[in-house]
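Trainee: The following block contains the structure, expressed as structure tokens.
What follows is calculated from the coordinates using simple rules that are stated; it is not laboratory data. Just so it is clear, the structure is predicted and the values come from calculations on it, not from any experiment. Positions of Cβ are backbone-derived with ideal geometry, glycine not excepted, and every protein chain shown enters the neighbour counts.
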Amino acid sequence: QQQVKQSPQSLIVQKGGISIINCAYENTAFDYFPWYQQFPGKGPALLIAIRPDVSEKKEGRFTISFNKSAKQFSLHIMDSQPGDSATYFCAASNRRAGSYQLTFGKGTKLSVIP
Amino acid sequence: DAGITQSPRYKITETGRQVTLMCHQTWSHSYMFWYRQDLGHGLRLIYYSAAADITDKGEVPDGYVVSRSKTENFPLTLESATRSQTSVYFCASSRGGNTEAFFGQGTRLTVV
């Protein structure tokens, strides 16, 4: 059973456009929702994260929107740049349970074309 | 340099052989994790450890063994490698609590 569903699998966006990646989760015990960015040949790196007590978090061009009732969250990349081309993973964990393990979505390969 | 390092970066092994992937972190993080990354599956947790001598299974533990005798090391052993274990393996560490997980560069393992 996949606990975090991510879409789309791949995304092509023009430079300057908005990239939107969506995730949905099933486990209502999840209380931490990070997004990771991965470049080819590298390990994933934390991009931005949100907790369910807020509906939006913005860091520079990156924004997470969170809808607790719908059990959905999304990543918006404003003014997308070619350097943003990477694979993005949403994730979730139940930190109250104390294990801190992350459950990942399957990833979205973003290509930003000039 | 401080950080989390995995070795080797690339490994080719034969079916049935035992192989060990190494992970070392210099932050004294309590938590360490092993994930495998496969096309179409994203990252799946194999095993994790909350502290030295404490380990627990993740989503896909079958065929793998871990140990953690020291806080800084968390080796992953494939007891008898199979072709289905061909993958990219990532080690990660975290202080625990409300902190992020840091990933290594990965080990690309091919089982022939």
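Trainee: In Å, the Kirkwood hydrodynamic radius of chain A over pairs of distinct alpha carbons?
Mentor: That comes to 14.1 Å for chain A.
Trainee: Pop the C-beta distance of A:ARG51 and A:SER7 into the FRET formula with R0 = 25 Å and round what comes out to the nearest 0.05.
Mentor: About 0.65, to the nearest 0.05.
Trainee: Got a sec to turn the phi values of segment A:48-62 into Karplus ³J(HN,Hα) couplings, 6.51 cos²θ - 1.76 cosθ + 1.60 with θ = phi - 60°, whole Hz, x for Gly and Pro?
Mentor: Once θ is set to phi - 60°, the couplings for segment A:48-62 become 6, 9, 9, 10, x, 8, 10, 9, 7, 9, 10, 9, x, 7, 9 Hz.
Trainee: Quick one: what Rg and Dmax do you get for the protein assembly as shown from the alpha carbons, in Å?
Mentor: Cα-based Rg and Dmax for the protein assembly as shown come out at 17.5, 51 Å.
Trainee: Determine, at each q value in 0.16, 0.17, 0.18 (inverse angstroms), the log₁₀ of I(q)/I(0) that the Debye formula gives when each Cα of segment A:64-114 is one equal point scatterer.
Mentor: -0.62, -0.69, -0.74
Trainee: I would also like to ask the following. Using every Cα-Cα pair within segment B:4-111, state what percent have a distance larger than 22 Å.
Mentor: Of the Cα pairs, 23 percent sit more than 22 Å apart.
Trainee: Compute the signed sum of charges (Lys and Arg +1, Asp and Glu -1) over the other residues within less than 9 Å, Cβ to Cβ, of B:THR107. Display every interim value, and only then the final one.
Mentor: Values: positive: B:ARG9, B:LYS11, B:ARG108; negative: none.
Result for the neighbourhood of B:THR107: +3.
Trainee: For the pair B:MET22 and A:GLN72, what calculated FRET efficiency results from E = 1/(1 + (r/R0)^6), where r is the Cβ-Cβ distance and R0 = 41 Å, to the nearest 0.05?
Mentor: Once rounded, the FRET efficiency stands at 0.60.
Trainee: Return the subset of A:LYS5/A:LYS68; A:LYS71/A:LYS106; A:LYS42/A:LYS109; A:LYS68/A:LYS106; A:LYS109/B:LYS11; A:LYS42/B:LYS11 for which the Cα-Cα distance in this structure is over 23 Å, preserving the input order.
Mentor: Beyond 23 Å: A:LYS109/B:LYS11.
Trainee: Leaving out same-chain residues fewer than 8 places away, which aspartates and glutamates sit with a Cα under 18 Å from that of A:LYS57?
Mentor: Reachable aspartates and glutamates: A:ASP31, A:ASP79, B:GLU100.
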